[in-house]
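Data block below; observations after.
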Amino acid sequence: MENKQQIISDLQGLIAILNDGKEGYQSASEATDKIELQGVFLKYAAQRAAYAEQLKTHILTHGGESENESGGILGALHRTWIDIKQALSSKEDTAILEAVVTGEKAALEKYDDVIKDRQDHVDHLPLLQEQRTGILDALKEIETLLSQRTA
């Protein structure tokens, strides 16, 4: 029973960070005037929402529930960071991209923590690895966009 609760807790934590990412990307899309960036941010907001839904299905499989539609404490800090950067830099795209990079790195750390517990997460390990790869790909794209603006 304890193992089952830990699995549910781990997945709920991932859902919280995915929701944080979704909200962060939506905020970022509203903070920039660049259509190219808005499209990228909205693409990843939708991706995070889809990832959260996939994990909710696994939580149900393990007898748990996940009605969490908002982010967690870490995400609140990430969103606050985006808000501060926006206010200070008056919609400066570089600052927004830097804040998104910070959020994506936090998400990868959370995934790494859960993935290293392979035994508990064996039935959904491929899904977790696939989602982690998607987040890593997003991070790489955001870092590329950032380097283009700072070069």
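The values are calculated or read from the model by the stated rules, or taken from the named source; none is laboratory data. Since the model is a prediction, treat every value here as computed from it, not as a measurement. Please note: Cβ atoms are built from the backbone with ideal geometry, for glycine as well, and neighbour counts cover all protein chains shown. Each accessible area value is taken on the protein alone, full model and side chains, heavy atoms only, with ligands, DNA and RNA left out. Shrake-Rupley method; radii C 1.70, N 1.55, O 1.52, S 1.80 Å.
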Checklist entry - For Ile35, are the conditions met, namely being β-branched (Val, Ile, Thr), under 17 Å from Leu128 (Cα atoms), surrounded by fewer than 22 Cβ atoms within 10 Å (Cβ to Cβ) and out of contact with any Lys or Arg (no Cβ under 8 Å at 6 or more places or on another chain)? => result no
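Could you tell me which residue of the stretch 1-25 is least open to solvent (accessible area, probe 1.4 Å), considering only residues that are out of contact with any helix residue (DSSP H, G or I) (no Cβ under 8 Å at 6 or more places or on another chain) and assigned to a helix (DSSP H, G or I)? So that I can check it myself, show each step before the final result.
Just the residues of the stretch 1-25 that are out of contact with any helix residue (DSSP H, G or I) (no Cβ under 8 Å at 6 or more places or on another chain), to begin with: 1-7, 9.
Subsequent filtering for residues that are assigned to a helix (DSSP H, G or I) retains 2-7, 9.
Numbers: Glu2: 160, Asn3: 78, Lys4: 83, Gln5: 98, Gln6: 83, Ile7: 10, Ser9: 61 Å².
Out of the qualifying residues, it is Ile7.
For every residue, the table says whether it meets (1) in contact with a Leu (Cβ under 6 Å, 6 or more places away or on another chain); (2) touching a residue at least 24 places away in the same chain (Cβ under 8 Å); (3) acidic (Asp, Glu).
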{"site": "Glu104", "(1), (2), (3)": "yes, yes, yes"}
{"site": "Leu108", "(1), (2), (3)": "no, yes, no"}
{"site": "Tyr111", "(1), (2), (3)": "no, yes, no"}
{"site": "Lys116", "(1), (2), (3)": "no, no, no"}
{"site": "Val122", "(1), (2), (3)": "no, no, no"}
{"site": "Arg132", "(1), (2), (3)": "no, yes, no"}
{"site": "Leu146", "(1), (2), (3)": "yes, yes, no"}
Item to check | Filter result for Ile84 (among the hydrophobic types (A, V, I, L, M, F, W, C), modelled with pLDDT under 90, in a helix (DSSP H, G or I) and open to solvent by 30 Å² or more (accessible area, probe 1.4 Å)) | outcome: yes
Next on the checklist: Would you confirm, using the coordinates I've provided, whether Thr61 is open to solvent by 50 Å² or more (accessible area, probe 1.4 Å), closer than 27 Å to Thr150 by Cα, at pLDDT below 90 and out of contact with any Lys or Arg (no Cβ under 6 Å at 6 or more places or on another chain)?
Outcome noted: no
Checklist outcome for this item: Picked from the stretch 115-130 (must be open to solvent by less than 10 Å² (accessible area, probe 1.4 Å) and modelled with pLDDT of 85 or more), the residue farthest from Glu141 (Cα to Cα) is His124
